[in-house]
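Report on the structure given below.
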Amino acid sequence: MRVVLDTNVLIAALITRDTPPDRAYQAWRAGEFTLLSCAQQLEEIRRVTRRDGVKFRIRPTEAGRMVNDLRGLAVLLERLPVVELSPDPYDNYLLAMAIAGDADYLVTGDKHDLLALERQGRTRIVSVRTFVSLREI
């Protein structure tokens, strides 16, 4: 199974343990699915974890380890198609990853924009809670 985890899911996994985002992240680390990522997402993780409202909740070493794990263990997609489907243009790269990586799921905590789309081609767009319950993670 091939999965795109929205950056908000990955950041939430770093902030609070034993939550649906953390369970999804740990399931990937345990080899339960193939995670798709890209350079843009790695940069977004770096940028978000350095924001004043976030950086006090996440140790720099944890953020760095996540970026290194993604770089070394996830499938890094290099060529993404141009996609302009999300109401939030900053989320279009996630849809592009789903297309380029032939993802089964795009998992997000985005309550309005991405989830409202429900599907991108063959990729189901689901909440992290739905994903965890579907996969019994």
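The values are calculated or read from the model by the stated rules, or taken from the named source; none is laboratory data. Values in this document were obtained by computation on a predicted structure and should not be read as measured data. Here the Cβ is made from the backbone with ideal geometry for all residues, glycine too, and neighbour counts use every protein chain on show.
Quick check on segment 2-30: of everything there that is of a type outside the set (D, E, K, R) and not in a helix (DSSP H, G or I), which residue is surrounded by the fewest Cβ atoms within 10 Å (Cβ to Cβ)? Can you show your working first?
The first filter runs over segment 2-30 and keeps only residues of a type outside the set (D, E, K, R), leaving 3-5, 7-16, 19-21, 24-28, 30.
Of the ones still in play, those that are also not in a helix (DSSP H, G or I) are 3-5, 16, 19, 30.
Numbers: V3: 24, V4: 31, L5: 29, T16: 11, T19: 16, A30: 9.
Ranking the candidates gives A30 first.
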Checklist outcome for this item: Of (1) assigned to a helix (DSSP H, G or I); (2) surrounded by fewer than 16 Cβ atoms within 10 Å (Cβ to Cβ); (3) free of Cβ contacts under 8 Å to residues at least 40 places away in the same chain, E62 fails just (3)
Item to check | Hey, R71 among the charged types (D, E, K, R) and modelled with pLDDT under 95 or not | outcome: no
Checklist outcome for this item: Matching residues in segment 22-48 (closer than 15 Å to D110 by Cβ and in contact with a strand residue (DSSP E or B) (Cβ under 8 Å, 6 or more places away or on another chain)) number 1
Next on the checklist: Restricting to segment 31-58, give me the number of residues that are part of a loop (DSSP other than H, G, I, E, B) and farther than 17 Å from V9 by Cα.
Outcome noted: 2
Checklist entry - If you scan segment 16-46, which residues turn out to be free of Cβ contacts under 8 Å to residues at least 40 places away in the same chain and either within 15 Å of L94 (Cβ to Cβ) or acidic (D, E) (or both)? => result D18, D22, A39, L42, E43, E44, I45
Checklist entry - Can L85 be described as at pLDDT below 90 and not polar (S, T, N, Q)? => result yes
Next on the checklist: From the list L80, L70, exactly one residue is in contact with a strand residue (DSSP E or B) (Cβ under 8 Å, 6 or more places away or on another chain), touching a residue at least 12 places away in the same chain (Cβ under 8 Å), surrounded by 15 or more Cβ atoms within 10 Å (Cβ to Cβ) and part of a helix (DSSP H, G or I). Which is it?
Outcome noted: L70
Checklist entry - For segment 101-121, what are the residues that are at pLDDT 95 or above and in contact with an Asp or Glu (Cβ under 6 Å, 6 or more places away or on another chain)? => result T108
Item to check | Pair list, Cβ < 6 Å and 6+ apart or interchain, from segment 110-124 residues that are within 14 Å of D6 (Cβ to Cβ) to residues that are at pLDDT 90 or above and assigned to a helix (DSSP H, G or I) | outcome: D113/D91; L114/D91; Q120/L95; Q120/A98; T123/A98
